[in-house]
Amino acid sequence: MADSMTATAPGSHGGAHAGQEVTKRDFLKLVAGAGAAVGVGAMAWPVIDSMNPSKDVLALSSIDVDLTPIQAGQAITAVWRGKPVFVRHRTPEEIKAAESVPLSQLIDPQADKARVKPGHDQWLVVVGICTHLGCVPIGNKPSDNRGEFGGWFCPCHGSQYDTSGRVRHGPAPANLAVPPYAFETDTKIKIG
């Protein structure tokens, strides 16, 4: 009888049962931890999801522009990501004028060929936001003031851009930005 009492201590249920209690405890900890992780994930998901752009913004992340109706010397304004984008069909005279400017005369030196796609130098695509304080320059309509350099004129503070979208006069510190774009065909571009 003494041997049977020493085999099992008071309050214990034997060797086999003790292993199951530890396993049950571990299982309960695992279930509680998994439940907590699912709960945190369920609470965090709406916050994380709200940081993603909405479907209407994603739809505008790239746009196609048909170049067919734009005659030489004309420009249009497209809207990409809520910003105006000027697409200009430059004349040979405008291209020659842009290429002949010495870089030393520019506020933000950049060669004309660095601002257009190779083989498509007659097309200039720039974001139509003045780099000074964010106004929209004029110059896309034939009746608009294009400034003394034939490109765009910012009516807010007088910055002037040439036919390559480079700042030539005024308080603007930089050229009009060139957005990412690619020619899908000779008459169609994708901006974005």
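The values are calculated or read from the model by the stated rules, or taken from the named source; none is laboratory data. As the structure is a computational prediction, the values presented were derived from the model and not from experiment. Every residue, glycine as well, gets a Cβ built from its backbone with ideal geometry; the counts of neighbours run over all protein chains shown. Only protein heavy atoms, including side chains, enter the accessible area calculation; ligands, DNA and RNA are left aside. Shrake-Rupley method; radii C 1.70, N 1.55, O 1.52, S 1.80 Å.
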Point to revise | For peptides 175-186, 130-141, sequence by mean Cβ density within 10 Å, most packed first | key: 130-141, 175-186
**Study point:** Cut-off 13 Å (backbone N to label point 7 Å along Cα→Cβ of residue 157), residues of the range 118-151
**Key:** 130-136
Check your understanding: If amide H atoms are built 1.01 Å from N in the plane of the peptide, which residues on other chains or at least 5 residues away come under 5 Å of the amide H of residue 67?
Key -> 188, 189
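How long is the gain from residue 145 to residue 43 if the chain were fully straight, where each residue apart is worth 0.36 nm and the alpha carbon distance is subtracted?
31.2 nm
With the other protein chains left in place, how much accessible area per residue, in square angstrom, belongs to the chain at a 1.4 angstrom probe?
Details: 11570 Å² over 192 residues.
Accessible area per residue, the chain: 60 Å².
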**Study point:** Hz values of 3J(HN,Hα) by residue in the range 35-42 - Karplus curve (6.51, -1.76, 1.60), Gly and Pro given as x
**Key:** x, 5, 5, 5, x, 5, x, 5
Check your understanding: With the chain treated as a Gaussian network of Cα nodes joined by springs under 10 Å, which of 174, 97, 37 yields the largest mean-square fluctuation?
Key -> 37
Review point. For labels at residue 91 and residue 54 in the simple 7 Å Cα→Cβ model, what's the distance in nm?
Key: 4.4 nm
Practice item. Could you tell me the accessible area of residue 143 in Å² (1.4 Å probe, neighbours in place), rounded to the nearest ten? Key: 110 Å²
Study note, to complete from the structure: A student asked for the Cα radius of gyration and Dmax of the chain in angstrom ought to give 33.5, 115
Point to revise | Estimated inter-spin distance, residue 71 and residue 136, nm [label 7 Å along Cα→Cβ] | key: 2.4 nm
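At 1.4 Å probe size, with the rest of the protein present, what percent of the exposed accessible area of the chain is carbon and sulfur atoms?
Details: 7190 of 11570 Å².
Exposed carbon and sulfur together represent 62 percent of the surface.
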Review point. Out of 95, 48, 129, any idea which swings most in a Gaussian network model of the chain, alpha carbons joined below 10 Å?
Key: 48
Review point. Counting each DSSP H run of 4 or more residues in the chain as -39500 (n - 2.57), what helix-only mean residue ellipticity at 222 nm follows after dividing by all residues, to the nearest 500 deg cm²/dmol?
Key: -9000 deg cm²/dmol
Check your understanding: Between residue 61 and residue 120, what is the spin-label point distance in nm, taking each point 7 Å from the Cα along the Cα→C-beta axis?
Key -> 2.1 nm
